[in-house]
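> There's a structure below that I have some questions on.
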Amino acid sequence: MNSKKLDSLKRKKLFLFDIDGTLAVGDTLYEGSAQLLSHISRIGGKAFYITNNSTKSAGDYVEKFRRAFGLETREEQFITSGYMTIRFLKEHFADKKIFVMGTASFVSELKKNGLHITEQAEDGIGCVTAAYDSELTYGKLTEICRVLFANDVPFYATNPDLRCPVDFGFVPDCGSICGMIAAATGKEPIYLGKPSRLVVDLCLEQSGFSREETLVVGDRLYTDIACGINGGVDTCVVFTGEAHPEDMADTPYPADYAFANIKELLMHCTEAL
């Protein structure tokens, strides 16, 4: 990476971070993450956390960042795939019955937002929505297939991630779950979280920063980096999660910057000043 390209990091003020596999894994914050967030605050910038994990609300993340990481954040800094899904469903299906397959927390969040939610096959369903579900059962899979076969309605999902990083490696994420459903029903969902450019647009709107001042940082090429590309902003991949350096040789989602970890990104951001 040439020095001119690295030097452009000094113009970045708005950082859109993926969380799992990028800043942290589980309850463990990666070395350099807290220091990078402090650096962003010192230069008058802002951090948003754009995660495809729909099992937690913004309030849940504020509590986790305080409890596990010792970091103070605000709810408006968290743009989750669940939040993007709620915005979409409220805009397009506010007066419709919505079948949902997801965690109890996700279903509760949808209901709290005034949406008419069902988890059973019944008449009058306007659309089907699936999310990453750590409480998944075969009964839930059976029910969503029953609904999709019985109803010619749109099928949405929170995020296309195939794997969710955990402390021992990975577990199946929403994309893998939807892969099973699609294989059984022949129906593919439309994904509402990353890599949608709407995630970037929302952060720009709320922060007031320009696209030129913005950097998306993540560990996954087809969601995080694709989201930044779709949103017309620079991107940075770190190799602490799903992506590996060899993936950069032949990808439709090339990152503008690539670093081993957040600590290395921090080093280049501070050296650029």
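The values are calculated or read from the model by the stated rules, or taken from the named source; none is laboratory data. Model, not experiment: these values are computed from the prediction. Please note: Cβ atoms are built from the backbone with ideal geometry, for glycine as well, and neighbour counts cover all protein chains shown.
> Residue check, Leu221 against (1) buried (at least 17 other Cβ atoms within 10 Å of the Cβ); (2) over 18 Å from Ala24 (Cα atoms); (3) at pLDDT 95 or above, all met but one. Which one?
(2)
> Can you find a residue in the stretch 171-194 that is without any contact (Cβ under 8 Å) to a residue 60 or more places away in the chain and on the phi > 0 side of the Ramachandran plot?
yes
> Considering each residue of the stretch 106-145, count those that are under 14 Å from Ile177 (Cα atoms) and part of a helix (DSSP H, G or I), and give that number.
Looking only at that region, the number is 8.
> For the subset of the stretch 150-165 comprising residues that are in contact with a strand residue (DSSP E or B) (Cβ under 7 Å, 6 or more places away or on another chain) and of a type in the set (A, V, I, L, M, F, W, C), which member is farthest from Gly21 (Cα to Cα)?
So, considering only residues that are in contact with a strand residue (DSSP E or B) (Cβ under 7 Å, 6 or more places away or on another chain) and of a type in the set (A, V, I, L, M, F, W, C), the one farthest from Gly21 (Cα to Cα) is Val153.
> Considering the stretch 1-34 alone, what residues qualify as being of a type outside the set (Ser, Thr, Tyr), in a helix (DSSP H, G or I) and surrounded by 15 or more Cβ atoms within 10 Å (Cβ to Cβ)?
Within the stretch 1-34, Leu9, Ala34 qualify.
> Can I ask one more? For the stretch 158-179, name all the residues that are of a type in the set (Val, Ile, Thr), surrounded by 15 or more Cβ atoms within 10 Å (Cβ to Cβ) and outside any loop (DSSP other than H, G, I, E, B).
Scanning the stretch 158-179 gives a single hit, Ile177.
> Go through the stretch 44-85 and count every residue that is part of a helix (DSSP H, G or I) and surrounded by fewer than 23 Cβ atoms within 10 Å (Cβ to Cβ).
15
> Counting just the residues of the stretch 229-272 that are hydroxyl-bearing (Ser, Thr, Tyr) and either assigned to a loop (DSSP other than H, G, I, E, B) or free of Cβ contacts under 8 Å to residues at least 24 places away in the same chain (or both), which one comes out surrounded by the most Cβ atoms within 10 Å (Cβ to Cβ)?
The residue in question is Thr235.
> Check the stretch 86-97 and report whether any residue there is in a loop (DSSP other than H, G, I, E, B), within 18 Å of the chain's Cα centre (by Cα) and without any contact (Cβ under 8 Å) to a residue 60 or more places away in the chain.
Looking for residues that are in a loop (DSSP other than H, G, I, E, B), within 18 Å of the chain's Cα centre (by Cα) and without any contact (Cβ under 8 Å) to a residue 60 or more places away in the chain, one finds none in the stretch 86-97, hence no.
> Quick check on the stretch 124-139. Is at least one of its residues among the hydroxyl-bearing types (Ser, Thr, Tyr), in contact with a helix residue (DSSP H, G or I) (Cβ under 6 Å, 6 or more places away or on another chain), surrounded by 13 or more Cβ atoms within 10 Å (Cβ to Cβ) and at negative phi?
Yes, because at least one residue in the stretch 124-139 is among the hydroxyl-bearing types (Ser, Thr, Tyr), in contact with a helix residue (DSSP H, G or I) (Cβ under 6 Å, 6 or more places away or on another chain), surrounded by 13 or more Cβ atoms within 10 Å (Cβ to Cβ) and at negative phi.
> Then there is this: What residue, among those in the stretch 180-211 that are among the polar types (S, T, N, Q) and within 24 Å of Leu16 (Cβ to Cβ), is surrounded by the most Cβ atoms within 10 Å (Cβ to Cβ)?
My answer is Ser196.
> Of the conditions (1) closer than 21 Å to Ile98 by Cβ; (2) at pLDDT below 95, Glu143 clears all except one; give me its number.
Only one criterion is unmet by Glu143, namely (2).
> Every residue in the stretch 78-97 that is more than 22 Å from Thr51 (Cβ to Cβ) and of a type outside the set (Lys, Arg), please.
His92, Phe93, Ala94, Asp95
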